[in-house]
Amino acid sequence: MPHLRQPLLIFSDLDGTLLDHHTYDWQPAASWLARLKQHDVPVILCSSKTPVEITRWQKILGLTGHPFIAENGAAIQYPGPDSKPEPLTHNGITRANIGELLHSLRRDFRFTGFLNVDVSQVCNWTGLNPEQAALAMQRTASEPLIWEDTPERLGEFRAALRRAGLGLTQGGRFWHVADIDAGKGRGAQAIITFYQQHDGIRRLTLGLGDAPNDASLLNEMDYAVVINSHGTGKLCPQQEQQQPDRILRTTHYGPEGWREGLDHFISVSD
């Protein structure tokens, strides 16, 4: 099992994982966040949220200065000298081009994206206040949407996106459209390599997530925690069949499950 004295990286989803799916509370995870900070263990947020949203949550959670993965891997923030962030790295097709394609596809499929609604609708969907919802709408390289067509037509929609170089992933609330080569797993690979080049060693990795869009992230981890979700879809990391001792499915939801996962995998005793 990993120990706090070992070189570690923690990768964590936000909504439904570190944050409660409904209230956005994170206090059950507070003691572990403080402990990880004390031992200089980076906690890398890896979310479908926008870069400005994640920057806000880094400040709230005390994680400023660490890299992060935004919009399901479509954007990565690396730390620069003196903990000042580097310019965002974008992976693939821009949000403007995604919007153009989705506009044309609305003639054939029924869905509603962030580009089609105002702040009040995003508030209704997410439970965010207007200021927070405005940050959620500042997409850079992805588009969340509500699927309103039949389940059978979803495969046709996915194929149409693929022909344009786009992929479709399922999150806790929305479906997300982004470059087909983007993904939380690829973002994690890039950050693991960044730390390996900086440290001269490969750190042990632990990832936590609750929804299908977290699968690629957890597949890159040495240890993975699948947070008990609220019916958003079955999350099945590849290692579960091969190395079940490296996977934990929590009994608790959200940040209580997050705490349960770290209690299980990370040793703090001498």
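The values are calculated or read from the model by the stated rules, or taken from the named source; none is laboratory data. On a predicted model such as this, the values are computed, not experimentally measured, just so you know. Note that each Cβ is placed from the backbone with ideal geometry, even for glycine, and that neighbours are counted across all protein chains shown. Areas reflect the complete protein model, heavy atoms only, side chains present, ligands, DNA and RNA absent. Shrake-Rupley method; radii C 1.70, N 1.55, O 1.52, S 1.80 Å.
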- Note on the structure: Of Ala164, Ala75, Ala211, the most mobile residue in a GNM of the chain (C-alpha springs, cutoff 10 Å) is Ala164
- Item | Residue of Gln38, Gln58, Gln138 that the Gaussian network model of the chain assigns the largest fluctuation, springs spanning Cα pairs under 10 Å | Gln38
- Starting with the highest mean, order 124-133, 166-175, 24-33 by the number of other Cβ atoms within 10 Å, averaged over the residues of each peptide. 166-175, 24-33, 124-133
- Message: With +1 assigned to the C-beta of every Lys and Arg and -1 to the C-beta of every Asp and Glu, and no other charges, what is the dipole magnitude of the chain about the Cα centre in debye, to the nearest 20?
- Response: 320 debye
- Considering the options Gly254, Trp125, Ala182, tell which one lies farthest towards the positive end of the dipole of the chain, charges being +1 on Lys and Arg and -1 on Asp and Glu at the Cβ, about the Cα centre. Ala182
- Task: Name the residue farthest towards the positive end of the dipole of the chain from the options Leu33, Gly207, Asn228, assuming +1 on Cβ of Lys and Arg, -1 on Cβ of Asp and Glu, about the Cα centre.
- Result: Gly207
- In region 92-179 the accessible area split gives carbon plus sulfur, as whole percent at 1.4 Å, a share of 50 percent
- Where Cα atoms sit under 15 Å apart: lysine pairs in the chain separated by 8 or more or lying on different chains: 4
- Return the Rg/Rh value of region 92-179, two decimal places, where both radii are evaluated on C-alpha atoms and Rh is the Kirkwood radius. 0.95
- Which of Asp210, Asp149, Asp82 moves the most in a Gaussian network model of the chain with Cα springs under 10 Å? Asp82
- Message: Give me the 1.4 Å probe accessible area per residue for the chain, excluding ligands and nucleic acids, in Å².
- Response: 46 Å²
- Summing -39500 (n - 2.57) over every DSSP H run of at least 4 in the chain, dividing by its residue total and rounding to the nearest 500, the 222 nm mean residue ellipticity is -10500 deg cm²/dmol
